[in-house]
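Take this structure first; my questions come after.
The values are calculated or read from the model by the stated rules, or taken from the named source; none is laboratory data. Everything quoted here is computed from the prediction, not taken from an experiment. Cβ: placed from backbone, ideal geometry, glycine included. Neighbour counts: every protein chain shown. For the accessible areas, the whole protein counts, side chains as well, though only heavy atoms, and no ligand, DNA or RNA atoms are used. Shrake-Rupley method; radii C 1.70, N 1.55, O 1.52, S 1.80 Å.
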Amino acid sequence: MATITLRDVQEIVSNLSSDKAKTYKEGIKLLNTWLEGERSIHFVRYIRQKTAMLKPREICHSESWPFLITLLTKCVTLEIFSSKRRLPKLIFAKTFRIVVQQVENSSLSGRNLHLVSAAKLLFNHIWDVLMDVPAFSMSTGLSSAIFW
């Protein structure tokens, strides 16, 4: 049985924080190993407990869902912009989907997980990506500012 430690989380965070493709891809792989099987139970419980200890308006520390979502969003952005001639790798979408599902499951426990800032970042990221896609027409003229 694998138990997650601060050192394990710091290794994930360190890799995901990198601007180098090889390093952040290693971070994605490492995070995925903690999101599979029995290890997932320990990882999710650890991050959920650390996130629950956050106070409103507190800067999120590396052992929290908002911080991990922020790093994943950055990695997805880097992957999208670096894959001009190829499709972004599916592992990024898979990992992001799993993390969001875990956050949703955590929020079902009735605790406020202070994810508004992460949700805002995610929304702005999606907005930026969609604005650059030729097939996406902005006939409404709405900007992201009206939502936040």
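Of the residues in region 20-79, how many are in contact with a helix residue (DSSP H, G or I) (Cβ under 6 Å, 6 or more places away or on another chain), modelled with pLDDT of 90 or more and of a type in the set (F, W, Y)?
Adding up the residues that qualify gives 3.
Being in contact (Cβ under 8 Å) with a residue 40 or more places away in the chain and aromatic (F, W, Y) is the filter; apply it to region 54-87 and report the residue that is farthest from N32 (Cα to Cα).
Top of the filtered list is F67.
Further question: Where in region 1-78 are there helices (runs of 4 or more DSSP H), lying fully within it, with 2 or more residues that are under 16 Å from I98 (Cα atoms) and open to solvent by 50 Å² or more (accessible area, probe 1.4 Å)?
Answer list for region 1-78: 21-34, 37-52.
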